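A.B. asks: I have a structure here, written as structure tokens, and I will follow up with some questions on it.
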Amino acid sequence: HPRVCRPGLYSGWFNQPFSFVASLVQMGFYGFSEGVRGTTSMYLNLINIKKDNQRILSDNRELQSRLEAMAELEKENQRLNQLLDFRSHSKMHLIAARIMSKDISLDHNTIQIDKGTQHGLKAGQAVITVNGAVGYVFKPGVMTSQILLITDRFAVVDGIISRSRARGIVEGKSKTHCTLRYVEKSEDVQPGDVVVTSGLDNIFPKGFPVAIVESIESKSYLASLKIDLKPVVDPDKIEEVF
């Protein structure tokens, strides 16, 4: 009798290796696809994190910029309040002006302000701040004017040592210093003394601070003391003047 092959008897033995391999392939493919999905998800998360970081950095920069602008406005308000207080308590007729530019020429030490003859300015008028003397109007224009600083070599101011009342002439020496000339050797002058305006030059009001004595030199062949001064007002750090 021919042998009848029953499916249940041989199919398991024949298909076992193939089903095992197929399951391995399936598992491998599943693991690979899961890995791809996981890597893609991680990559997308990193992209989102990077975008969030960029947005946070941008927000921080904007906030920092706003804080700096607010701090600058606060400083300006403090300066303007100080100027207003000074003008309200002064008996002088004061014209407020903003500094527009600074001269970088080696021949002159000047600044330019945003007021001119149309605002009442004239050549020879004093230019001051709440802290002391700055210079005087050198070349007034219609809308702007050039100011000769006291550090300019052509600038002269009649000054007095506040402590000892010794008199002399303040002359410009360099971008940052002046000198006090024609002070007799017998006069009492010491480092740290304050030189103020005498008011005799009909330019500056009397008693305004001009400079601080830095050093004194007395040589036998000199007829007077050689006194180096540091101006009380740094023109590089002022923004408004009277």
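A.B. asks: Being exposed (fewer than 13 other Cβ atoms within 10 Å of the Cβ) and within 10 Å of LEU225 (Cα to Cα) is the filter here; which residues of region 158-184 pass it?
C.D. replies: TYR182, GLU184
A.B. asks: In contact with a His (Cβ under 9 Å, 6 or more places away or on another chain) and either more than 29 Å from LYS173 (Cα to Cα) or at pLDDT 65 or above (or both), is that true of ALA97? Even if it seems obvious, please write down each step before you answer.
C.D. replies: Working: in contact with a His (Cβ under 9 Å, 6 or more places away or on another chain): yes; either more than 29 Å from LYS173 (Cα to Cα) or at pLDDT 65 or above (or both): yes.
Judged against the criteria, ALA97 is a match.
A.B. asks: Taking into account only those residues within region 196-209 that are in contact with a Gly (Cβ under 7 Å, 6 or more places away or on another chain) and touching a residue at least 60 places away in the same chain (Cβ under 8 Å), which is surrounded by the most Cβ atoms within 10 Å (Cβ to Cβ)?
C.D. replies: Looking at residues that are in contact with a Gly (Cβ under 7 Å, 6 or more places away or on another chain) and touching a residue at least 60 places away in the same chain (Cβ under 8 Å), I get THR197.
A.B. asks: With ASP193, ASP228, ASP236 as the choices, which residue is open to solvent by 40 Å² or more (accessible area, probe 1.4 Å) and of a type in the set (Asp, Glu)?
C.D. replies: Criteria check complete, one pass: ASP236.
A.B. asks: Is it the case that some residue within region 131-152 is over 18 Å from THR110 (Cα atoms), among the basic types (Lys, Arg) and open to solvent by 40 Å² or more (accessible area, probe 1.4 Å)?
C.D. replies: No, the conditions are met nowhere in region 131-152.
A.B. asks: Let me ask something else. Output the number of the condition that LYS219 fails; it satisfies all remaining conditions of (1) basic (Lys, Arg); (2) in a loop (DSSP other than H, G, I, E, B); (3) at pLDDT 90 or above.
C.D. replies: LYS219 satisfies all of (1) basic (Lys, Arg); (2) in a loop (DSSP other than H, G, I, E, B); (3) at pLDDT 90 or above except (3).
A.B. asks: Considering region 111-129 alone, what residues qualify as being in contact (Cβ under 8 Å) with a residue 60 or more places away in the chain and among the hydrophobic types (A, V, I, L, M, F, W, C)?
C.D. replies: Matches in region 111-129: ILE111, ILE113, ALA126, VAL127, ILE128.
The values are calculated or read from the model by the stated rules, or taken from the named source; none is laboratory data. Quick caveat, the model's predicted, so the values are computed rather than measured. Positions of Cβ are generated from backbone atoms using ideal geometry, with glycine treated the same way; all protein chains shown enter the neighbour counts. These area figures cover heavy atoms from the full protein model, side chains too; ligands, DNA and RNA do not enter into them. Shrake-Rupley method; radii C 1.70, N 1.55, O 1.52, S 1.80 Å.
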